[in-house]
Amino acid sequence: STLQNTAKQLPKDFLHINDFDKDTIMKILNRAIEVKAMIKSGDRSFQPFKGKSMAMIFAKPSMRTRVSFETGFFLLGGHAVYLGPDDIQMGKREETRDVARVLSGYNDIIMARVFAHQDILDLAKYAPVPVINGLTDYNHPCQIMADALTMLEHVGRIENTKVVYVGDGNNIVHSWLLLAAVIPFHFVCACPKGFEPDAKTVEIARSAGSKIEITNDPKEAVKGADVVYTDVWASMGQKEEAEYRKKVFQGFMVDEALMEMAGPKAFLMHCLPAERGVEVTDGAIEAPNSIVFPQAENRMHAQNAIMLHMLGA
């Protein structure tokens, strides 16, 4: 029957934003708004994850990802198990395909934050239960879903906005590009030469019809932005390059002057952790147009909606 065929084609896992169509992404975001309102009101009657458990695999340390997933799953009635870098050593102590099948026997859903993108793909391939990408070196879809939710709340829309990312063309940029492959908006990545995002991913977003610009001039780029977005210049695992990057990234700091150039409607976003005084100034983060902390809170609400969708709850 056709119904079964469609059911088979729906992604089992949440690995990349563009695995889903626009209607589904908007459905998840609108669900996030509903469930957030319920949680904020203090109403704890909605317990769709009662009797469910989630395994959370962390090859990288984390504050936001761990707390937002663990707390969010708990608030909706479930139980989350934290597995840190030393608990599994996925790929070293135990093969990823073995971990995937063992954890699926105990849990209803798996979330993983790993280094190599292939690890999340392998985990998803071998786990019978849904796998959620909590960050890889290639992308960070849960973060950008939280960012999209924050845009809906503060800008009022995602379509036909201008989002300007200033800094390193990293996994955050790749996820913005994959969102732009699903929902049309104008995305600009202003980065130093040699730090551009993956060319194939840029092409995916362009061919979907979004206006994508890669530039080396942040001052020109930010003009008329709805959102100016930045992230640390050296991600986890790149700290040995941090000093070198500080030199190369001169002129890419998001400060009050750059926000001024962006114009009066620009909001500042940062996925945190922030190195205040490096990629962003203290003044910019504490300014009235900074929505960095509502954005951080939205990690939990966006992820709750993603998990609801993946568990069909």
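General observations
- Whichever aspartates and glutamates have a C-alpha closer than 20 Å to that of residue 246, once near sequence neighbours (fewer than 8 apart) are set aside: 168, 196, 217, 231, 255, 256, 275, 279, 282
- Segment 236-313 - Rg (one decimal) and Dmax (whole number), Cα, Å: 16.2, 49
- Distance distribution note for segment 13-82: the fraction of Cα pairs above 21 angstrom is 38%.
- Around the amide H of residue 254, modelled in the peptide plane, lie the amide H atoms of 280, 281, all under 5 Å away and 5 or more residues distant in sequence or on another chain.
- Derived scalar couplings ³J(HN,Hα) [segment 305-313; Karplus, 6.51 cos²θ - 1.76 cosθ + 1.60; whole Hz; x for Gly, Pro]: 5, 4, 5, 4, 5, 5, 8, x, 9
- Seen from every direction in turn and averaged, the convex hull around the alpha carbons of segment 161-250 projects onto 5.5 nm².
- Reach of residue 36 by Cα under 17 Å, taken over aspartates and glutamates that are not fewer than 8 positions away in the same chain: 70, 147, 153, 297
- Approximating the spin labels as points 7 Å out from Cα along Cα→Cβ, the residue 244-to-residue 217 distance works out to 2.8 nm.
- Taking Cα atoms only, the orientation of helix 22-40 departs from the longest principal axis of the chain by about 80 degrees.
- On the principal axes of its alpha carbon atoms, segment 142-295 extends 37, 36, 28 Å, with the longest extent given first.
- Cα gyration tensor shape of segment 126-197, rounded if a/c is under 1.5, else prolate or oblate by comparing a/b with b/c: oblate
- Basic side chains Lys and Arg get +1 at the Cβ, acidic Asp and Glu get -1 at the Cβ, and with that the dipole of segment 142-295 about its Cα centre reaches some 340 debye.
- Our coupling estimate for segment 291-298, obtained by passing each phi through the Karplus curve with A = 6.51, B = -1.76, C = 1.60 and θ = phi - 60°, is 10, 4, 7, x, 5, 5, 4, 5 Hz, Gly and Pro reported as x.
- Cα shape, segment 73-224, gyration tensor, a/c 1.5 rule: prolate
- Mean separation of Cα pairs under 8 Å and 6 or more residues apart, divided by the residue count, gives the chain a relative contact order of 19 percent.
- Lysine pairs with alpha-carbon atoms under 20 Å apart, segment 95-223, spacing 8 or more or separate chains: 7
- Ordering 188-194, 152-158 by mean Cβ neighbour count within 10 Å, with the highest value first, yields 188-194, 152-158.
- Under-5 Å amide H pairs with residue 215, H placed in peptide plane, nonlocal only: 189, 190, 191
- Reduced Cα scattering model of the chain, Debye log10 I(q)/I(0), q = 0.10 Å⁻¹: -0.55
- The chain, dipole about Cα centre (Lys/Arg Cβ +1, Asp/Glu Cβ -1), debye to the nearest 20: 760
- Of all DSSP beta bridges in segment 15-117, antiparallel share, percent nearest 5: 0
- Our note on the geometry: Cα centres of segment 151-209 and segment 246-267, 17 Å apart.
- Packing order of peptides 270-276, 221-227, highest average first: 221-227, 270-276 (average count of other Cβ atoms within 10 Å over each peptide's residues).
- Hz values of 3J(HN,Hα) by residue in segment 83-94 - Karplus curve (6.51, -1.76, 1.60), Gly and Pro given as x: 10, x, x, 8, 6, 10, 6, 4, x, 9, 6, 8
- Dipole orientation for the chain: of the candidates 39, 201, 158, 39 has the Cα lying most toward the positive pole (charges on Cβ; Lys, Arg +1; Asp, Glu -1).
Laboratory data are not the source of any read-out in this text; all were calculated from the coordinates shown. Since the structure is predicted, the reported quantities are computational estimates derived from the model, not experimental observations. So basically every Cβ, Gly included, is an ideal-geometry build from the backbone, and we count neighbours across all protein chains shown.
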